[in-house]
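Visitor: My questions all concern the structure below.
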Amino acid sequence: MYDGGALAHARIFLLEPENVVHVKGSELLRSLAADGVDFTKFYASVYETEFSGGGWLPMHRDHKIIDDSLDIPEENEIELPICKEEGSSRRIDIKIFNRPAVGFPERTNDSMMTMASAQTTRKLPKSLGYFGVGVIGAKTHSNVGTLWRSAYQMGASYLFTIGQRYRSQATDTVNAPTRIPLFELDDWTAFAKFAPRGCQWVAVEMGGTPLEEFQHPRDAVYILGSEDHGVPNSIVRACHHVISLESERYASYNVAVAGSLVMYDRMIKMKTTRKVEEEREGK
């Protein structure tokens with residue numbers, strides 16, 4: 001598992017040791033490298049009790065790559081028992097830590113163990129989810145720029161357009177492109193491949209659930225229509241939810257305004273949800 005994760009969320013891979021009684025640290029490193037761990041960015045520690053008294057012990061103690069073969073000098077080699085008797089087996093728990101940035105001191109084993117023990121080990125912290133917002137067939141870049149700024153202000157993870165028709169113009173006053181990404185997708189098929197797995201699609205179109213009554217999914221993608229055509233019926237049918245914005249007069253809103261209202265509503269309701277959950281947990 002990676003630094004900050006919990007064992008329940010770890011990845012499992014099988015090891016075929018050279019010895020049936022113990023496994024060497026260098027064997028584990030080579031297996032991890034074969035499984036995709038980049039040792040230029042991370043270093044590995046193993047959970048054991050004999051040397052550390054119950055903590056994460058680095059398998060390569062100088063925290064550096066020894067050589068391309070990931071071999072460890074014999075004097076620094078760690079050997080871990082994998083069975084007490086022939087035919088039995090055990091699990092070896094390994095944690096992957098980030099290497100310090102260039103110019104920063106290496107972490108000592110003591111400080112590393114202190115940081116690890118301070119982290120939650122039973123479960124990952126609760127999250128109120130993420131969301132993205134996008135426009136189909138956006139007609140003007142000024143609307144995209146306004147929506148981009150609102151998306152940044154109200155905590156969106158990303159912005160996207162599908163089949164855009166606009167020409168680039170300078171409309172952003174907070175330099176949103178440096179703060180939140182914009183993805184420009186060619187068509188609906190590209191969006192279907194792009195959309196994060198597990199999130200719910202929410203179309204913003206007339207005739208849906210009134211926004212004030214809508215309970216936002218924790219992970220969501222909000223889909224807005226163009227200023228002149230709205231969200232196509234085929235896409236509305238493909239979405240998990242459809243929401244609409246009430247008005248006193250004309251039912252259609254400017255696309256940037258509509259997106260901003262939806263994101264603001266989500267932000268306020270999610271803050272209320274967070275407060276209720278914290279009070280329930282006695283925080």
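Visitor: Tell me which strands (runs of 3 or more DSSP E) are completely within region 5-67 and hold 3 or more residues being under 28 Å from the mean Cα position of the chain (by Cα) and either modelled with pLDDT of 80 or more or surrounded by 11 or more Cβ atoms within 10 Å (Cβ to Cβ) (or both), or say none if there are none.
Guide: Of the strands (runs of 3 or more DSSP E) lying wholly inside region 5-67, those with at least 3 residues that are under 28 Å from the mean Cα position of the chain (by Cα) and either modelled with pLDDT of 80 or more or surrounded by 11 or more Cβ atoms within 10 Å (Cβ to Cβ) (or both) span 42-48, 55-58.
Visitor: Could you check, for region 98-114, whether at least one of its residues is within 22 Å of Met1 (Cβ to Cβ), among the basic types (Lys, Arg), at pLDDT below 70 and exposed (fewer than 11 other Cβ atoms within 10 Å of the Cβ)?
Guide: The answer is no; no qualifying residue exists.
Visitor: I'd like the full set of residues that are in contact (Cβ under 8 Å) with a residue 24 or more places away in the chain and not in a loop (DSSP other than H, G, I, E, B), limited to region 204-221.
Guide: Passing the criteria: Val204, Glu205, Met206, Gly207, Gly208, Thr209, Pro210, Leu211, Glu212, Ala220, Val221.
Visitor: May I pose another question? Restricting to region 231-269, name every residue that is in contact with a Ser or Thr (Cβ under 9 Å, 6 or more places away or on another chain) and β-branched (Val, Ile, Thr).
Guide: Across region 231-269, the qualifying residues are Val242, Ile243, Val255, Val257.
Visitor: Another question, then. Are there any pairs, at least 6 apart or on different chains, whose C-beta atoms fall under 6 Å, with the first in region 260-283 and in contact (Cβ under 8 Å) with a residue 40 or more places away in the chain and the second surrounded by 11 or more Cβ atoms within 10 Å (Cβ to Cβ) and aromatic (Phe, Trp, Tyr), and if so, which?
Guide: Between residues of region 260-283 that are in contact (Cβ under 8 Å) with a residue 40 or more places away in the chain and residues that are surrounded by 11 or more Cβ atoms within 10 Å (Cβ to Cβ) and aromatic (Phe, Trp, Tyr), the close pairs are Val262/Tyr222.
Visitor: Here's a follow-up. Take region 228-259 and flag every residue that is surrounded by 13 or more Cβ atoms within 10 Å (Cβ to Cβ) and either free of Cβ contacts under 8 Å to residues at least 12 places away in the same chain or in a helix (DSSP H, G or I) (or both).
Guide: Ile235, Val236, Ala238, Tyr253, Val255, Ala256, Val257, Ala258, Gly259, listed by residue number.
Visitor: Which pairs do you get when a residue that is more than 16 Å from Glu77 (Cα to Cα) and in the same structural domain as Asp93 (by TED's automatic domain parsing), found in region 25-47, comes within reach of a residue that is crowded, with 18+ Cβ neighbours inside 10 Å and of a type in the set (Phe, Trp, Tyr), reach meaning Cβ atoms under 7 angstrom, with the pair 6+ apart or on two chains?
Guide: Short answer, once both residue conditions are applied: Phe42/Phe97.
The values are calculated or read from the model by the stated rules, or taken from the named source; none is laboratory data. Model, not experiment: these values are computed from the prediction. Cβ coordinates were reconstructed from backbone atoms using ideal geometry, including for glycine residues, and neighbour counts include every protein chain displayed.
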